[in-house]
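**Q** I am attaching a structure below and will ask some questions about it afterwards.
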Amino acid sequence: MIRKIVFPLVAIWVLSLTLFSPSEAQTTRRLHYSTLFNPATVVTVSGEVLRVEHTFSGSGADYCVHAHLKTAEGLITAVLAPKGYLEKQGLTIAPKDRVTITGSLILVLNKPLLLAMEVTGDRTMKLREANGRPAWATGDDWHVR
């Protein structure tokens, strides 16, 4: 009876070590929203900010700011930039702000997501280049703050 329980548990443990070994974690790049950027899907939307969220960024080193907008086309989430980057640039987004955002409109889990290139509210701020490269990126690694 114990063999029937122990063997599957040991097999699962060995498999998990193989799939999630530290060496693999260090060499595998995380999926970052910027890698999904598509210049062919660039649009401009205007709307009112309903709420602002901070989610873990691609590097996990900072929070990424997402703005949920109510637009004429419906509800949309805009992925802006790492919180620290926006703070350094002096850009704040708050509920009830009216903004215009240009970016790549993609679908993630069948929901529209706008990877922001430029945000205009009280002032205009460029967040990504035309190819999707974030303004805060350094070197060839787009995951670095």
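The values are calculated or read from the model by the stated rules, or taken from the named source; none is laboratory data. Fair warning: this is a prediction, and the values are worked out from it, not measured in the lab. Counting neighbours? That spans all protein chains shown, and the Cβs are built from the backbone with ideal geometry, glycine included.
**Q** I'd like the full set of residues that are among the β-branched types (Val, Ile, Thr) and crowded, with 20+ Cβ neighbours inside 10 Å, limited to segment 63-73. Write out each step before concluding.
**A** As a first pass, look at segment 63-73 and keep what is among the β-branched types (Val, Ile, Thr): 65, 71.
Of everything in segment 63-73, just one residue is among the β-branched types (Val, Ile, Thr) and crowded, with 20+ Cβ neighbours inside 10 Å, namely VAL65.
**Q** Sticking with this one: For segment 38-62, give me each residue that is modelled with pLDDT of 90 or more, within 16 Å of LEU127 (Cα to Cα) and surrounded by 13 or more Cβ atoms within 10 Å (Cβ to Cβ).
**A** VAL42, VAL43, THR44, VAL45
Per-residue answers, yes or no, for (1) of a type outside the set (A, V, I, L, M, F, W, C); (2) buried (at least 18 other Cβ atoms within 10 Å of the Cβ); (3) assigned to a loop (DSSP other than H, G, I, E, B):
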position	(1), (2), (3)
LEU75	no, no, no
TYR85	yes, yes, no
LYS88	yes, no, no
PRO95	yes, no, yes
VAL99	no, yes, no
THR102	yes, yes, no
LEU107	no, no, no
MET117	no, yes, no
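**Q** Now a separate question. Considering ALA116, ALA137, ALA94, ALA130, which residue is farther than 15 Å from GLY47 by Cα and modelled with pLDDT of 90 or more?
**A** Matching residue, one of ALA116, ALA137, ALA94, ALA130: ALA130.
**Q** Here's a follow-up. How many residues does segment 124-145 contain that are touching a residue at least 12 places away in the same chain (Cβ under 8 Å) and assigned to a loop (DSSP other than H, G, I, E, B)?
**A** Here the count works out to 13.
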